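Novice: Can you keep this structure in mind? I'll have questions shortly.
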Amino acid sequence: MTIGELAARFGLAPHVLRHWEAMGLLAPARSAGGRRVYDEGHVTAVAVIQLGKDSGLSLEQIGTLLSLPGARRELLAEHRAALRARIEALRASLALLDHAVECPAEDFRTCPDFAAKVDAYVSAPRAGRRAAEPAFG
């Protein structure tokens, strides 16, 4: 299949596949005229790249997974731990939002439960906290 056909199958622009090729994530065959030729193996490769991106892996990490079999378990274990921590932070944020939406107080900021969460957040150590983490996580 052509680059356009493969890209369309995933709702991607063809330049994305060319970028992934430049990064070494895809290696299409070439026709006699020099055009890229993709097969079902490339469909699987694009799906793996997309799944990795959906899970939060960078293209560099995906490249490591695809090219260095010995590094896979360690990289995946680290990413799994990071995802679990993020999920817990998001659950805590969701619980706080649920409370704020359902809080009987006129102003949720005056709610003792909300104030306790704010106090816990303010007193929590900042070392290691990433800016991307949700508040109250």
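No lab work stands behind these numbers, since they all come straight from the coordinates. These numbers were taken from a predicted model, which means no experiment stands behind them. FYI the Cβ positions are ideal-geometry reconstructions off the backbone, even for glycines, and counts take in every protein chain you see.
Novice: Within the stretch 34-65, take every residue that is surrounded by fewer than 18 Cβ atoms within 10 Å (Cβ to Cβ) and in a loop (DSSP other than H, G, I, E, B) and give me the one that is nearest to the chain's Cα centre (by Cα).
Specialist: The selected residue is G56.
Novice: Anything in the stretch 13-57 that is over 26 Å from E78 (Cα atoms) and in contact with a Phe, Trp or Tyr (Cβ under 9 Å, 6 or more places away or on another chain)? List them, or say none.
Specialist: V16, L17, P28, A29, V43
Novice: Which numbered condition in (1) touching a Gly at 6+ places or on another chain (Cβ under 8 Å); (2) among the charged types (D, E, K, R); (3) loosely packed, with under 11 Cβ neighbours inside 10 Å is the only one that R84 fails?
Specialist: Status for R84: all satisfied but (1).
Novice: Do you know which residues across the stretch 6-33 are over 25 Å from the mean Cα position of the chain (by Cα), of a type outside the set (A, V, I, L, M, F, W, C) and either part of a loop (DSSP other than H, G, I, E, B) or surrounded by 11 or more Cβ atoms within 10 Å (Cβ to Cβ) (or both)? Before you say what the answer is, go through the steps one by one.
Specialist: The initial filter retains those residues of the stretch 6-33 that are over 25 Å from the mean Cα position of the chain (by Cα), namely 28-33.
Subset that is of a type outside the set (A, V, I, L, M, F, W, C): 28, 30-31, 33.
Result: P28, S31, G33.
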